[in-house]
Amino acid sequence: MGVRFGLLSICFMQISLSESACKLQGLFTSPALSQDGDIIIGGVFTLHYKGAVPELSYDRVPKTPGCVSFFLRAFRWAQGMLFAIEEINRDSTLLPNVTLGYRILDSCSNPPGALRAALTALNGRDPFISDWRCAGGSPVAAVIGCSGSTQSITIARLLGSFGIPQISYFSSCACLSNKHEYPTFFRTIPSDYFQVKAWVKVVKHFGWTWLGAFGSDDAYGQYGIQSFLKEVEDINSCVAFAEYFPAVYTKEKILRHVDLIKETQVKVILVFATEIDMYMLVNELVEQNVTGIVWLASESWSTAGLLSTKEKFGVLGGLLGLGIQRANLEGFKEFLVRIHPSQQPGNVYVKEFWEKTFDCSYETPNVTENSDSQFPVRKCTGLEDLRSVENIYTDVTQLRVTYNTYKGVYAVAHALHNMMFCETGLHNQTCSGIRDINPWEVTQTLKQVKFKTPTGEEVQFDQNGDPLPSYDIINWQLDQHGRVQYVDIGYYDGSAPEGQELVINKDAIIWNGGQKKVIKSVCSESCPPGSRKASREGQPICCFDCIPCAQGEISNQTDSIDCIKCPWDYWPNSKKTACFPKQMEFLSFGEIMGSALTALGIFGACLTLFVTAVFFRFRSTPVVRANNSEISFLLLVALVFCFLCPLLFVGEPSPWSCMVKHAAFGIIFVLCVACVLGKTFVVLMAFRSTLPGSNTMKWFGPVQQRFTILLFASIQIMICALWLGISPPFPQKNASLFNDKIILECNLGSVTAFCCVLGYIGILAVMCFIFAFLARKLPDSFNEAKYITFSMLIFCAVWIAFIPAYVSSPGKYTVAVEIFAILSSSFAVLLCIFAPKCYIILLKPEKNTKRNIMGRSNIKRN
């Protein structure tokens, strides 16, 4: 009738036995629910929220620990096991001619209670046991349980020592996947390893970087929180605090946790705990009206009826939870309401269930020992109708844990089927009879089992005894009747390809406070493009300041750690989010300054041509002939080129323009100054030759004048030739003057050569000024010296001022300064030397006679 098992070995695990276990079986608690059968399946459920510690005394035997606070939800889980066994017994193909029985016990939601329940399930407590069972057999083929991970760990070590399989419906601690420590442990709920993975995906999906975490102070909470802390670092999120609910949750501890939530200002809190652990904290949060938080509920309390009430919805509304996959079990609603105390007279658990459900008492109309009510209750009559009750027990819309117990029973049944019909896949095995089934064979067969439940879901276990990882993602919402609904808004499939595990319908979520917008939870707001993150000293990496990128740097992503330097010829836009080519700047014909200077140069050239035409037209007049007309025409031609020379400076620099403009400027200006210098010599020498015995003009006739001008120009030509041959000017892009511009300019190539060109012009100009100054007192009619003096004075002043202006002017203004100096000095020469002559020729023609000139000369001499 059962499984052969070593009883004596079990007994010394928890209590010391000096005699056979049969003499002590009376010390174990009675099963909550039981039924005989050919094969018995044990069940351990948390039918009460907590255990009651008995009064201890040294003068009498202590009482067996009791339990308080009946747990309707867990009672429904147990009914799911009974429902599955009833379906299997009706099935003529799964286990034909075999009846499954059960023995369900209460763990009182604590490890000692779970161990006591497991020992009771394995050994039984009936003092009248047949000799063969007491000699070494156990009536249990497998155990379904427990709910808490710590409880499952406790009994898994016991059951694993003897090869008895255990299938948990609600213990999700990742530690239980260790087959070296728990070789016979299986479960129908995914491991917390995948639950943590799912939560990390959710956190990343919504962009939360500032989190809090609470966990129960047991294996479930500690493994869950520690795994989450490790995984969440990989997505650059930070956990402001990670606290554990103590076994004794005092008011002081509760207030400290509430203050922690307020101080850190986290808006997203993950909780790996049971609903009992959360209950006291939520009550305090409701009292202090702490709202606006997104609670991430582990599967252990995501569908907890104790917390999903209208009173607590202000705090927990909008919660996101991972829910075990649910199913609709046909006929289960009717099965649940069939239970009645009259069917099992004397069963205290059924009576307590009835009292809890209908808020009545079978004993007296006062507060019962185990009742949660603090007020007198009515007496139970047995006529109450369970079909009219709507509570967590009768609610079959969220069959998640219940469905897990259902699958666990079917897994055992299919394993037994495979053993009885030789479908285990084990080598050298003969088909087992009912009385020949060994626990280790059941364990081995469970590893191979693969089947479909009546609901159509495929069930199998991996090498760690875990099922395929899959969760529903639920959102707590309030319906129109004020009831909390668990709305599916997505799912997580751990077996899906990378990047496709998580599916969420954001539009279906209603967050805390009834808002549709995702609640943000960050320590620091994201740094926009154009800035970078700078960590705050002594704070987590999620707490940072946003610093704008430095000049010449950009960041084109949110929350950039570093800014990227733009290439030398690029510059950031105003927001520093992208690099754009720098603006190329040069003095162009199209801009106002370039056009003005060009127009001024052309005007000067035209004015010079006009003067040339006037001089040519009146070339035979005394005024023109008296001032060395040949040099005058050569000077006018040089001035035309001086005025046109700036046209080479305007426009985009090119290799040929850079070389030509500086050489042309140097040669033409030397020619111009040489002509002025020649005219000055002519005037000076002409009057010196009138002295008695002087033959000066003999040595400074027209030929010598041409030769002198050519000599002066040749020297400049040689300087320019050496300059262009050794280190010629060339165009370059200058990005050092402006951050956002590139100046297209001509590099001088050799600064020394440029200084020589300017210096040579300056020497000639100074010589011209000196000679003109010496000739300033000669007769007016023939004397150009004072006009030349004034023109050279302006010429030198302009070019002396040019040097600091040229050096200090940035970019295209350097070119503009040089053009202005050229035009100014050219106009000075043109106007100072030729304007007085044109005035006489055009406006005072009566004075343009030889008689007038000679007469005035005589007067001056007299």
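I'd like to check something: does segment 237-247 contain any residue that is closer than 23 Å to LYS50 by Cα, open to solvent by less than 30 Å² (accessible area, probe 1.4 Å) and either touching a strand residue (DSSP E or B) at 6+ places or on another chain (Cβ under 9 Å) or part of a loop (DSSP other than H, G, I, E, B) (or both)? Scanning segment 237-247, I find at least one residue that is closer than 23 Å to LYS50 by Cα, open to solvent by less than 30 Å² (accessible area, probe 1.4 Å) and either touching a strand residue (DSSP E or B) at 6+ places or on another chain (Cβ under 9 Å) or part of a loop (DSSP other than H, G, I, E, B) (or both), so the answer is yes. Restrict the check to segment 613-636 and report whether at least one residue is part of a helix (DSSP H, G or I), at pLDDT 90 or above, open to solvent by less than 10 Å² (accessible area, probe 1.4 Å) and among the small types (Gly, Ala, Ser). No; the residues of segment 613-636 include none that is part of a helix (DSSP H, G or I), at pLDDT 90 or above, open to solvent by less than 10 Å² (accessible area, probe 1.4 Å) and among the small types (Gly, Ala, Ser).
Summed over segment 325-348, the residues that are at pLDDT 90 or above and not small (Gly, Ala, Ser) give a count of 11.
Filtered by the rule that a residue be of a type outside the set (D, E, K, R) and in a helix (DSSP H, G or I), segment 492-513 gives ALA508, ASN512, GLY513. Summed over segment 92-137, residues that are modelled with pLDDT under 90, among the aliphatic types (A, V, I, L, M) and assigned to a loop (DSSP other than H, G, I, E, B) total 2. Taking the numbered list (1) surrounded by 20 or more Cβ atoms within 10 Å (Cβ to Cβ); (2) closer than 26 Å to PRO497 by Cα; (3) at pLDDT below 95; (4) not aliphatic (A, V, I, L, M) in turn, SER216 passes all entries but (2). Confirm whether LEU255 is part of a strand (DSSP E or B), touching a residue at least 12 places away in the same chain (Cβ under 8 Å) and within 28 Å of CYS542 (Cα to Cα). It is false that LEU255 is part of a strand (DSSP E or B), touching a residue at least 12 places away in the same chain (Cβ under 8 Å) and within 28 Å of CYS542 (Cα to Cα). If the condition is being over 16 Å from LEU211 (Cβ atoms) and open to solvent by 50 Å² or more (accessible area, probe 1.4 Å), then segment 532-548 contributes ARG532, LYS533, SER535, ARG536, GLU537, GLY538, ASP545, CYS546, ILE547, PRO548.
Before we move on, is VAL640 assigned to a helix (DSSP H, G or I) and within 22 Å of LEU764 (Cβ to Cβ)?
yes
Inside segment 308-337, residues that are open to solvent by less than 20 Å² (accessible area, probe 1.4 Å), farther than 30 Å from VAL196 by Cα and of a type in the set (A, V, I, L, M) make up a count of 1. Taking segment 806-839 as the range and being open to solvent by 10 Å² or more (accessible area, probe 1.4 Å), under 55 Å from the mean Cα position of the chain (by Cα) and either more than 23 Å from GLN732 (Cβ to Cβ) or modelled with pLDDT under 85 (or both) as the test, the residues that pass are TYR806, VAL807, SER808, SER809, PRO810, LYS812. Residues in segment 273-298 that are buried (at least 24 other Cβ atoms within 10 Å of the Cβ) and within 26 Å of GLU390 (Cβ to Cβ): THR274, MET278, TRP295, ALA297. With respect to (1) farther than 30 Å from ASP395 by Cβ; (2) modelled with pLDDT of 90 or more, the lone exception for GLY425 is condition (2). Whether any residue in segment 295-316 is without any contact (Cβ under 8 Å) to a residue 24 or more places away in the chain, charged (D, E, K, R) and over 22 Å from HIS48 (Cα atoms) is what I want to check. Looking through segment 295-316, none of the residues is without any contact (Cβ under 8 Å) to a residue 24 or more places away in the chain, charged (D, E, K, R) and over 22 Å from HIS48 (Cα atoms). Looking only at residues of segment 535-578 that are among the polar types (S, T, N, Q) and touching a Pro at 6+ places or on another chain (Cβ under 7 Å), we find that the one that is farthest from GLY207 (Cα to Cα) is THR577. Scanning segment 33-91 for residues that are open to solvent by 60 Å² or more (accessible area, probe 1.4 Å) and assigned to a loop (DSSP other than H, G, I, E, B) yields a total of 11. Take GLU233 and decide whether it is more than 23 Å from ALA198 (Cα to Cα), modelled with pLDDT under 95 and of a type in the set (Asp, Glu). Judged against the criteria, GLU233 is not a match.
The values are calculated or read from the model by the stated rules, or taken from the named source; none is laboratory data. Quick caveat: nothing in here was measured; it's all calculated off a predicted structure. Glycine also receives a Cβ, built like all others from the backbone with ideal geometry; neighbour counts cover every protein chain displayed. These area figures cover heavy atoms from the full protein model, side chains too; ligands, DNA and RNA do not enter into them. Shrake-Rupley method; radii C 1.70, N 1.55, O 1.52, S 1.80 Å.
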